[in-house]
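Student: I have a structure here, written as structure tokens, and I will follow up with some questions on it.
The values are calculated or read from the model by the stated rules, or taken from the named source; none is laboratory data. Here the structure is a predicted model, which means the values were calculated and not measured. Positions of Cβ are generated from backbone atoms using ideal geometry, with glycine treated the same way; all protein chains shown enter the neighbour counts.
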Amino acid sequence: MMHIGAKRSLLTAILIAVVVSLFSAHFNRYYRDVAIDVAINIILAVSLNLILGHTGQFSLGHAGFMAVGGYIAAKITLVFGVTAVAWAQPLIFLGALLVGGIVAALAGLAVGVPSLRLRGDYLAIVTLGFGEIIRVIFQTSETFGAATGLVAIPKWTTLGWGFGIAAITVYVVGCLVNSTYGRGFIAVHDDEIAAGAMGINPVRYKVTAFVIGAFFAGVAGGLYAHQKTTLSPGGFDFMKSIDIVVMVILGGMGNTAGVIAAAVILTVVQEPLRALGPLRMVVFALIIIVLMMLRPQGLFSFGKKKGASA
Amino acid sequence: MHWLQQLTNGLALGSIYALIALGYTMVYGVLRFINFAHSDVLMLGAFSAFYLAPKMEAIFGPQSAIGALVIIVLAAAICAAIGILIELLAYRPLRKRPKLTVLITAIGVSLFIEFTCQHGAVFGAATKPFPKLLPTRELHFAGIEMASNDLLVLVLTAVLLVAMWFIVQRTKMGMAIRAVSFNEQAASLMGVNVNRVISFTFGLGSALAAVAGIFYAMRAPGIEPLMGVQPGIRAFIAAVLGGIGNLPGAALGGLLLGVLETVAGGIPGVSNYRDGIAFAILILILIFRPAGLLGKAMIEKV
Amino acid sequence: MSEPLLELKNVTIRFGGLTAISGFDLHIGDRELIGLIGPNGAGKTTAFNLITGVYQPTEGAIHFAGRTTLGQRPYQIAKRGIARTFQNIRLFGSMNVFDNVRTAVQVHRSHGIRDALVRMGGFRRGEADVEKQVMELLEIFSLHKQRDEMAKSLPYGDQRRLEIVRALATKPKLLLLDEPAAGMNPTEKVELMKLIRFVQEKFGLAVLLVEHDMKVVMGICERIAVLDYGLKIGEGTPAEIQKNPKVIAAYLGQEAEHA
């Protein structure tokens, strides 16, 4: 069967990430930072792919969940981590990332249950609003630095953390989808009514995908916080969510390998894209429209249909 | 009579939401998807007026009523054409595709309009002051203070709502719109030209959005390419509140949301979270009354 | 007859002003093969949607295996043992033949989300067991050679049969077939009817068969109910139905339109 070796691949990937990370001091700083951005974007894109690609639910709030995870993780580190002894710091970091992810997942539950219970298309507008509300909350909350945000977060995110967690994300999403259980996500994507007639609870699957996706977005937010060392409410706006949506659409909804490729490419070319200014978003908008019209399966799927690959 | 003041302010804002919400709800009725670009049509309406104003001033003199009316009518016509064009180019080719595809495309169209307009060669990203189309006065009666513009907005909205009701309930095209909303396939079998109905719906909705955009701009500090996003989202929520697909519901939802927001904005402590109120309402309505205040549960064909 | 497996009592559903089904009574016993016929728009598919929980009746009661189904969601009713096919084929379009059936084995799978992630022995055994079940079913319907083909790329008749396989994978007690022979030629129809009979006996199912073609239903059903404009105008053995003047009238009108 398909994924007998999945666990072994996961462990190998994590091992490589950690070993490479040990030598990262020798790498050019700029390229190292870009590589870490790549890892973070892989986590974001693959987790959104579970929601949008595999399960077919349009969420515009992925950056919101990232913000929740990032702020919570950074706050935990700032309170407990900075003064802790050196050996405890990785543990505190891991704990902070997990708690950040869990809080993001709970936020996902609160947003997902009311909107996914009904017609799926409300999710787009609810998540859009959620992203805005999160911004307002962090902007007004003194605990989280209000408009200034959080500063002096320790730079703990390494290549090992980044790609290690990216590997875990790919593993979790891949294993979920490539199981009999996971066919349910794709069934809901294809035809909710037929799925229901087969005994699959569409709401449950949609909420599960949404919560797991939100969790990993939260973890990615934690990594992001400990990579940039500062967080401001403006960093997680609607456009960030759109960036992630474009990665998924470009890579091919439900095509994990394609989505990873798109995340890598879009991250590497983000600097030249940024030079375009507002035109960058015009380009993204055109990518969305043209792909939806001509290649809804994305750029990187060749003959393979959605669901056929992990 | 503080609360009465809030109420009138809220109604003025709410009637703008109502006009926008009508467009969302009509499109949702015939095509069953959220037309994200609707909020950008509203912005284009405001900008049309912005560029038409100096020309009309040259013809009709400053702040003349006829000039304002011509501006509004022309802006509505421009936006109707834009709305029809958006549907023709972006949504019609995807009519038979999964709804998710159309929904994503709609976001793409919305972003495309917003960021193209932000470019320096189009409108630019900076906020521009909106010209005074009419002389403004403060009206006083029964202790309430009201800007003449707000009163005008209220009256004009009421007139437009009645006109809408007439179009939908009393004309042949309105009947066709209702038929397509009820069952597209059956309607087309009965000889209704579905494409024409959908184009008309986009045109009508977009014209209303243009009027709403001008009214909104008259109350706002200025106009910029992203100005439609906030009222757009709120109007969509208003449409859900009233019952999506239901025209009187959209009007009611808009008025209600406007009043609630204005009242909440006046309460100290809550006013910080004013932006969150609309979403709190949306979540509550989805949990407790998903069909909306006036809507009936929709039945999906199997 | 002992307690019926499925019982509809005075079931009525209205959409707005339109009464789609009115005062419908029907009972199906264990292992019975019942036909539900009627002209186009008589309410046959609506009856299916009521039984499977897609619609809730405006009035009346529906009991399955002794308990009501009212207020239950379609997936809950499916889990209780009612499976169905769709008139306008609703296979999972992005999946291959094997996965379409595998998805439906969901209901009785022994391993869940945790196993899918941890991937220990239980997961492998569970997946192997699922594969065995799926392949057995596919072989009965001679679809096993196409296991890796996309469901939507199959010929029309195979798609219809795949829908039946998928429904059977949920291990139902009652199978609802919505015009399974639609679009088939007469020979294929006869083959399919034989297959339905065979499946019904092999799996010990009750079957409710909606069919437009009266001749097909006459061949295999033990009892037939006839709907016309949402009203049951007759019920009985094929022989009784053939002689029922109301049924003849309803169908004659239909035949005339078709000719």
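Student: Among what's in the stretch A:1-42 and is exposed (fewer than 15 other Cβ atoms within 10 Å of the Cβ) and among the basic types (Lys, Arg), pick the residue that is farthest from the other protein chains (Cβ to nearest Cβ).
Tutor: A:Arg29
Conditions tested, residue by residue: (1) at pLDDT 90 or above; (2) touching a Gly at 6+ places or on another chain (Cβ under 6 Å).
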| residue | (1), (2) |
| --- | --- |
| C:Ala20 | no, yes |
| C:Leu33 | yes, no |
| C:Phe48 | yes, no |
| C:Ile51 | yes, no |
| C:Gly71 | yes, no |
| C:Pro74 | yes, yes |
| C:Gly81 | yes, no |
| C:Leu91 | yes, no |
| C:Asn100 | yes, no |
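Student: Here is a further query. Of the numbered conditions (1) within 30 Å of A:Leu78 (Cα to Cα); (2) charged (D, E, K, R); (3) crowded, with 24+ Cβ neighbours inside 10 Å, A:Lys155 fails exactly one; give the number of that condition.
Tutor: Failing condition for A:Lys155: (3).
Student: At least 3 residues that are at the interface with chain A (Cβ under 7 Å from one of its Cβ atoms) and within 27 Å of A:Ala209 (Cα to Cα) in each: list the helices (runs of 4 or more DSSP H) lying fully within the stretch C:9-126 that qualify.
Tutor: Answer list for the stretch C:9-126: C:74-80, C:97-105, C:113-118.
Student: Report yes if B:Val153 is under 20 Å from B:Ala209 (Cβ atoms), crowded, with 16+ Cβ neighbours inside 10 Å and not polar (S, T, N, Q), otherwise no.
Tutor: So B:Val153 fits the description; yes.
Student: Which members of the stretch B:247-275 meet the condition of being surrounded by fewer than 19 Cβ atoms within 10 Å (Cβ to Cβ), among the small types (Gly, Ala, Ser) and under 15 Å from B:Gln230 (Cβ atoms)?
Tutor: Matches in the stretch B:247-275: B:Gly265 only.
Student: If you take the residues in the stretch A:258-295 that are within 14 Å of another protein chain (Cβ to nearest Cβ), not in a helix (DSSP H, G or I) and not small (Gly, Ala, Ser), which one is farthest from B:Val102 (Cα to Cα)?
Tutor: Of everything passing the filter in the stretch A:258-295, A:Leu276 is farthest from B:Val102 (Cα to Cα).
Student: How many residues does the stretch A:135-150 hold that are within 10 Å of another protein chain (Cβ to nearest Cβ) and of a type in the set (Val, Ile, Thr)? Give the steps one after another, and end with the answer.
Tutor: From the stretch A:135-150, those within 10 Å of another protein chain (Cβ to nearest Cβ) are A:135-137, A:139-140; that's our starting set.
Filter once more, keeping what is of a type in the set (Val, Ile, Thr): A:136-137, A:140.
The number of residues fulfilling the criteria is 3.
Student: While we're on this one: May I ask you to say which residue of B:Phe36, B:Phe115 is surrounded by 23 or more Cβ atoms within 10 Å (Cβ to Cβ), over 19 Å from the mean Cα position of the chain (by Cα) and in contact (Cβ under 8 Å) with a residue 60 or more places away in the chain?
Tutor: The conditions single out B:Phe115.
Student: When you go through (1) touching a Ser or Thr at 6+ places or on another chain (Cβ under 9 Å); (2) at pLDDT below 90; (3) within 13 Å of another protein chain (Cβ to nearest Cβ) one by one for B:Asn246, which number turns out not to apply?
Tutor: Of everything listed in (1) touching a Ser or Thr at 6+ places or on another chain (Cβ under 9 Å); (2) at pLDDT below 90; (3) within 13 Å of another protein chain (Cβ to nearest Cβ), B:Asn246 misses just condition (3).
Yes/no per residue for (1) crowded, with 24+ Cβ neighbours inside 10 Å; (2) more than 14 Å from chain B (Cβ to nearest Cβ); (3) more than 27 Å from B:Arg234 (Cα to Cα):
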| site | (1), (2), (3) |
| --- | --- |
| A:Ala73 | yes, yes, yes |
| A:Thr83 | no, yes, yes |
| A:Pro114 | no, no, no |
| A:Phe130 | yes, no, no |
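Student: Inspect the stretch A:147-169 for any residue being in contact with a Gly (Cβ under 7 Å, 6 or more places away or on another chain) and without any contact (Cβ under 8 Å) to a residue 12 or more places away in the chain and give the result as yes or no.
Tutor: Checked the stretch A:147-169: no residue is in contact with a Gly (Cβ under 7 Å, 6 or more places away or on another chain) and without any contact (Cβ under 8 Å) to a residue 12 or more places away in the chain.
Student: Next question, about the same structure. Could you grab me the full set of residues in the stretch A:213-231 that are more than 13 Å from the chain's Cα centre (by Cα) and either within 13 Å of A:Ile134 (Cβ to Cβ) or in a helix (DSSP H, G or I) (or both)?
Tutor: Passing the criteria: A:Ala225, A:His226, A:Gln227, A:Lys228, A:Leu231.
Student: Out of the stretch A:213-255, which residues are surrounded by fewer than 24 Cβ atoms within 10 Å (Cβ to Cβ), within 22 Å of A:Ile76 (Cα to Cα) and either of a type in the set (D, E, K, R) or within 14 Å of chain C (Cβ to nearest Cβ) (or both)?
Tutor: Result: A:Lys228, single match.
Student: What's the total number of residues in the stretch B:193-233 that are within 21 Å of B:Gly258 (Cα to Cα) and within 14 Å of chain A (Cβ to nearest Cβ)?
Tutor: Count: 7.
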